[in-house]
Amino acid sequence: MVGLIVETCVKIALALGVLMTGAAYLVLVERWIAAWVQDRIGPNRVGIPLTNIRLFGLGQPIADGLKLIFKEEYVPGHVDRVIYNLGPILTFVAAVAVYAVVPLGQVDLGIAGWRPIDLTIVPGFDAALVYLFAANGAAVYGVIAGGWASRNKYSLFGALRAAAQLIAYEIPLSLTLLVVALYAGSLRLDQMVLQQAQTGVWNIVLHPLTFVVFFVAVTAEAARLPFDLPETEQELVGGFHTEYSGMRLMTYLVSEFLHMVTAAVLIVLLFLGGWHFWGLTGSEPVAGIGGALLRIVVFAVKVLLVIWFFMMMRWSWPRFRFDQLMRLAWKVLIPWGMVPLVILVWWYSGGEEALGMGGGRGLAVLAAINWAALIAVWIVTARLSPPSYDNRPRQDLVQLARESEQAIPARVRPTAKVWRPSFDNEE
């Protein structure tokens with residue numbers, strides 16, 4: 001019993017250390033990527049404190065952390081102090097609690113009498129997927145608490161946007177999780193990863209439409225651009241954390257960044273095979289020390305690649321309007337999420353037997369059906385709601401503006417001339 005407690009404490013300490021350090025330096029990486037995308041110079045000067053050693057700016061996260069730690073903890077007098085202090089705590093706890101069930105396989109140390117060590121903090125959790133979904137969704141309570149307790153209109157608007165956004169996108173997200181759980185026949189994340197490893201077919205190949213819906217929904221859940229409506233500095237100053245500073249603000253910002261890391265981890269676990277890679281990691285549940293280290297490296301590389309895509313997406317795409325955000329959830333993603341669920345129910349309720357498919361051929365047929373469904377719903381959606389690329393003025397609005405101008409009496413019309421640039425040396 002004592003050994004189990006010590007093992008769990010060591011896992012928690014390692015997980016928190018990796019998460020906090022990784023979040024700090026991933027922020028630096030994102031600033032470098034932002035500078036590269038926008039063709040400017042990113043942070044590259046801060047190195048080892050109290051020295052002239054720059055180290056490509058690797059000391060920037062340390063400087064930022066020290067600045068926030070020693071920054072004045074100013075609390076406005078009009079806030080509800082209890083809920084104001086509770087908001088960042090709720091968000092941070094929800095952000096890190098998810099990693100209790102992230103599976104990285106088992107390692108056999110090769111010591112006689114020792115059982116294989118499970119690299120998951122809470123191994124063998126039968127309802128891991130439900131727990132993960134609940135813990136990830138609990139973050140909205142911290143956001144709402146912070147926005148409500150701030151008693152600031154910008155904070156309140158940000159909190160309301162966050163609540164509406166997260167509730168809307170949890171529905172398509174839950175539909176995709178149902179598909180993955182039904183196909184795996186289990187709610188255990190380790191079983192889902194092991195199934196992809198043993199078959200050699202990742203879920204992104206078998207369920208492409210489910211992956212597309214999950215990716216968009218989990219990006220909106222993480223409130224990353226182009227879905228950062230709860231914060232949107234240009235409209236809401238800072239959104240739900242406008243009234244926060246110092247360590248409370250840092251807790252919110254770290255939690256928000258960890259949600260992006262969590263989204264990448266979920267994508268890798270559920271659709272990209274987790275720690276599995278063909279010809280490198282094997283497919284057995286237990287690996288030796290070398291194999292376990294290789295699995296951790298493979299898993300980390302996959303997560304970093306997904307995070308890199310998130311960062312590129314943030315600095316490349318403009319933000320959605322709030323009505324576009326909600327329309328995408330209710331009118332597009334929810335119907336899309338229903339399609340693969342119906343296909344999988346039909347497949348297991350008699351479709352597989354009716355087609356006489358099993359084994360590898362059955363997986364190929366199921367994948368072909370799901371890819372056809374992805375193409376079909378894409379075409380249908382494009383036909384029903386074609387995108388608008390025409391930026392020319394709408395003639396009906398132009399005519400309405402002319403009629404409105406003519407309806408204004410001449411004596412009240414503005415007489416000041418509007419300066420316009422001249423071309424071709426015109427006076």
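In this structure the amide hydrogen of ALA287, modeled in the peptide plane, comes within under 5 Å of the amide hydrogens of GLN106, VAL107, ASP108, none closer than 5 places in sequence on its chain.
Spacing of the modelled spin labels on LYS71 and LEU55, each 7 Å from Cα toward Cβ, amounts to 2.3 nm. Compared with the dominant Cα axis of the chain, that is its longest principal axis, helix 128-137 is turned about 20°.
When ASP39, ASP126 are compared by accessible surface with a 1.4 Å probe, the order from highest to lowest is ASP39, ASP126. With a cut-off of 12 Å on the backbone N, the residues of the range 174-217 near the modelled label site 7 Å out from VAL345 along Cα-Cβ are 179.
Per atom type, the chain shows carbon and sulfur on 67% of its accessible surface, probed at 1.4 Å. For the chain, the relative contact order is 18 percent, taking Cα pairs closer than 8 Å that sit 6 or more residues apart in sequence and dividing their mean separation by the residue count. Per-residue ellipticity at 222 nm computed for the chain from its helices equals -20500 deg cm²/dmol, with DSSP H segments shorter than 4 residues left out and the rest contributing -39,500 (n - 2.57). With a 1.4 Å probe rolled over the protein heavy atoms of all chains, the accessible area of TYR99, TYR252, TYR154 falls in the order TYR154, TYR99, TYR252, largest first.
Once the Cβ-Cβ distance of ALA367 and LEU160 is raised to the sixth power relative to R0 = 56 Å, the FRET efficiency obtained is 0.85.
In the context of the full set of protein chains, the chain has a per residue accessible area of 55 Å² (1.4 Å probe).
Compared with the dominant Cα axis of the chain, that is its longest principal axis, helix 246-271 is turned about 60°.
The values are calculated or read from the model by the stated rules, or taken from the named source; none is laboratory data. A quick note: this is a predicted structure, and the numbers were derived from the prediction, not measured. In this analysis, Cβ positions are derived from the backbone assuming ideal geometry, glycine residues included, and neighbour counts consider all displayed protein chains. Ligands, DNA and RNA are excluded from the accessible area calculation, which covers all protein heavy atoms including side chains. Shrake-Rupley method; radii C 1.70, N 1.55, O 1.52, S 1.80 Å.
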